[in-house]
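J.: Please find one structure pasted underneath; my questions will follow.
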Amino acid sequence: MNRISDRALILGTALTQTIGWGTLFIPFALMVQPMEAALGWSRAELNGAFTLGILVSGVLAIPVGRWVDRHGGRAPLAWGSVLGSAMLAAWAMVDQLWLFYALWFALGIAHATALWGPAMAVVVALARQPMRVITAITFITGFCGTIFIPLTAALIAGLGWRGALWVLAGLQLLPALTAWWQFAGTRPAAPTQRERGEEAYRRTLRRPAFWGLALCFAAHAFIGVGLGAHLVPLLREAGLPEASVILLVALHGPLQVAARAGLFVAGSRASMRWVGMGAMLLLPLALLWLAGAPAAFLWLLPFVFFWAVADGLLTIVRAAGTAEILGREGYGAVTGALTLIAVLPRTLGPITLALIWQAQGGYGAVPWLLAGIGLLGAASFLLALRDRG
């Protein structure tokens, strides 16, 4: 594939990913309670559809990654965004549970093609300085929650959950136009490059570092997706005022940005190996704090800080760290395999936490469970560090 400027990659990818995550992923947590009230569906039933979408996205990760390695990212990023827009519009009209599951099946395809994995494969293939480009992109996308959580909440308050989805569906067309225009001049990889990438992919699957990263990212996926789907109702259940709930969740974005800004300033002096290890230690610390802290805004600020810093850095480690530890050849297929391995934890996250909530009548055990999974993830990342290839 021919190269475009790093600045163009940063601006275009940051736009598509900020809007993509802000419309296709973030709104679900805010839609659960209004949909429960309007349609009478249980929280487990709603989270089951979300889980199906994550499962479909994970299963498609390797074929989509291979497509990007061979043909570039224009088609999946653009057409996946169009599909996402159409399914948000369908969500706005849904009134039967089986249709809700069907549209989340299609949203899983949109996630696999329009969101992080294929976008980062394009960046690693085209960027002159992938780590700095990825850090800059995540610097901007860190504001995604800060923008879209209050925006979606305001849209629901003003238009209802169905009206909010119509607005989000319209916004999601912008990433499709951006990706189609931005990558119009990119060319597929040469046959020799494809062969080298396939060989690198097969070789990487045999390395302990691959499996260490796979288990680490699986743990992070379970925590991130599960907590993302349940944090708003968890904080509401704790008795915090609604304004405090929204503010605590929205602070996640700026704190992510602050962590990524520090990493960007550090530049080449920062090793993804040790950044990842530090982040994986912060993650269980955040969850232990959530488990033990009083239900008050100021007491919960350290939880948000630890979680946001860990989450922000791990997003970069998952993209740039994978390239540093495992290499850039066959990157799309390798990251697809990492995503596929994480698909079961990702799919189990929301539904598991929903079932715990139903069985225990509350979220009391959830932070303790997530903290234990975070410690397992840290041990797995250490395994990856011990393999020098």
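J.: Looking at GLY158, is it modelled with pLDDT under 95, over 19 Å from GLY65 (Cα atoms), within 14 Å of the chain's Cα centre (by Cα) and among the small types (Gly, Ala, Ser)?
T.: no
J.: Within the bounds of the range 26-49, is there any residue that is in contact (Cβ under 8 Å) with a residue 24 or more places away in the chain, in contact with a Gly (Cβ under 6 Å, 6 or more places away or on another chain), buried (at least 23 other Cβ atoms within 10 Å of the Cβ) and closer than 28 Å to PRO150 by Cα?
T.: No, the conditions are met nowhere in the range 26-49.
J.: Now for a different question. Could you list, in sequence order, the residues of the range 228-245 that are buried (at least 18 other Cβ atoms within 10 Å of the Cβ) and either under 20 Å from the mean Cα position of the chain (by Cα) or in a helix (DSSP H, G or I) (or both)?
T.: GLY228, ALA229, HIS230, LEU231, VAL232, PRO233, LEU234, LEU235, SER244, VAL245 - these are the residues of the range 228-245 that are buried (at least 18 other Cβ atoms within 10 Å of the Cβ) and either under 20 Å from the mean Cα position of the chain (by Cα) or in a helix (DSSP H, G or I) (or both).
J.: Continuing with the same structure: Could you check, for the range 288-300, whether at least one of its residues is within 22 Å of TRP116 (Cβ to Cβ) and assigned to a helix (DSSP H, G or I)?
T.: no
J.: Filter the range 241-258 for residues that are farther than 22 Å from GLY142 by Cα and touching a residue at least 60 places away in the same chain (Cβ under 8 Å) and give the result.
T.: none
J.: Keeping to the range 279-298, report how many residues are touching a residue at least 24 places away in the same chain (Cβ under 8 Å), touching a Leu at 6+ places or on another chain (Cβ under 7 Å), surrounded by fewer than 18 Cβ atoms within 10 Å (Cβ to Cβ) and within 20 Å of LEU370 (Cβ to Cβ).
T.: 1
J.: While we're looking at this one, here's another question. If we only count helices (runs of 4 or more DSSP H) wholly inside the range 45-154, which ones have 3 or more residues that are within 14 Å of the chain's Cα centre (by Cα) and not acidic (Asp, Glu)?
T.: Helices (runs of 4 or more DSSP H) meeting the threshold: 97-114, 116-126, 130-141.
J.: Which of (1) among the small types (Gly, Ala, Ser); (2) at pLDDT 90 or above; (3) surrounded by fewer than 24 Cβ atoms within 10 Å (Cβ to Cβ); (4) closer than 25 Å to LEU340 by Cβ is the odd one out, the single condition ALA86 does not satisfy?
T.: Unmet condition: (4).
J.: Turning to a different aspect of this structure: Do any helices (runs of 4 or more DSSP H) entirely within the range 316-389 hold 2 or more residues that are farther than 14 Å from ALA214 by Cα and out of contact with any Ser or Thr (no Cβ under 9 Å at 6 or more places or on another chain), and if so, which?
T.: The qualifying helices (runs of 4 or more DSSP H) are 343-360, 366-386.
The values are calculated or read from the model by the stated rules, or taken from the named source; none is laboratory data. The structure presented is a predicted model; accordingly, all values stated were derived computationally and were not measured. Reconstructed Cβ throughout: ideal geometry from the backbone, glycine too, with neighbour counts over all protein chains shown.
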